[in-house]
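All remarks here apply to the structure that follows.
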Amino acid sequence: MLLSILYVDDDPDLVALVKTYLEGDSTDVDCSVSTETSPTAALDRIRSADSDVDCVISDYNMPEMNGITFLESVRESRPELPLLLFSGEETNDVAAEVVRAGLTDYLQKGMGTDQYTMLIRRVEHAVEGGGQFDPEAQTELDGVGVVGTDEHFEEADDTYASFYGYDSDDVEGKHWTELHPDEEVEHIRTHVLPVVRRGGEWSGRSRGLRSDGSTFTESKMVTALDDGRLLIAVSELDDSQLNTGG
């Protein structure tokens, strides 16, 4: 299958370099890469009636609009398209935005040619997964936290912490098991983490444990970042409505 990729970055030299590597013989993925240095021009291309784009890759820092805003605009007109952010921004700085915007994937720019090999693999995976986009994600997943490789929270936004009855500063440093009842910890260890650590993404319901000892049903998405840390997005579900639905 020939993949049609649109790459958007305001750096013309990098645009040319990425195009060369993605279309080169060094990968077994057959793709055609079109490029734009202007997000506005890229939007016009995507919205045209004859657009055949299979996937969009965008930088973050651009003069007309940042990559998140650009990709959200793409999503409005082409909700099925896989959208990837390829940026020099630190993962911590954009993780919450990536999740809330419903982007398919994020890869941080690095040094050397291995990053381009990784990028085309991410593209292939995203296209095969049909974008991996849940149109309800923007309303379902309200709070975001990051768990380090030592299984302790490195950060959590105020919304995430509030679901569990804490301030964000209180969550940082806690082991993730402290926010779940014992039976849920076992489920996460045996069913969720193995999927995520193999490079997958887990979405579903689980039980959260509040600071006062009460529990609640949460809608959760867990995915692994490039460096092995876990990005977790959650929202609270109404137990009474769930029980009413049988």
In whole Hz, with x marking every Gly and Pro, tabulate ³J(HN,Hα) for segment 196-202 from phi via Karplus 6.51 cos²θ - 1.76 cosθ + 1.60, θ = phi - 60°.
-> 5, 6, 8, x, x, 10, 10
Sulfur and carbon atoms: percent of accessible area, the chain [1.4 Å] = 45 percent
Round to the nearest 0.05 the FRET efficiency obtained for residue 172 and residue 226 when R0 = 25 Å and r is the Cβ-Cβ distance.
-> 0.75
Okay, helix-only estimate at 222 nm for the chain: each DSSP H run of n ≥ 4 adds -39500 (n - 2.57), divide by all residues, round to 500 deg cm²/dmol; what do you get?
-> -9500 deg cm²/dmol
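Once a ≥ b ≥ c are taken as the square roots of the eigenvalues of the Cα gyration tensor of segment 155-246, is the result rounded (a/c under 1.5), prolate (a/b larger than b/c) or oblate (a/b not larger than b/c)? Working shown, then result.
Values: a/c = 1.72, a/b = 1.18, b/c = 1.46.
It is oblate, given that a/c is not under 1.5 and a/b is not larger than b/c.
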Of all trypsin sites (Lys or Arg not before Pro) in segment 35-122, which ones are in loop regions per DSSP and have a Cβ with at most 16 other Cβ atoms within 10 Å?
-> 109
Bridge type composition, the chain - antiparallel percent by DSSP, nearest 5 = 60 percent
Working with all protein chains in place, sort 65, 111, 221 by solvent-accessible area computed with a 1.4 Å probe, largest first.
-> 111, 65, 221
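The values are calculated or read from the model by the stated rules, or taken from the named source; none is laboratory data. Not measured: the values here are computed from a predicted model. Methodologically, a virtual Cβ is constructed for each residue, glycine included, from the backbone with ideal geometry; neighbour enumeration extends over all protein chains shown. Note: accessible area is taken over every heavy atom of the protein model, side chains too, but ligands, DNA and RNA are not part of it. Shrake-Rupley method; radii C 1.70, N 1.55, O 1.52, S 1.80 Å.
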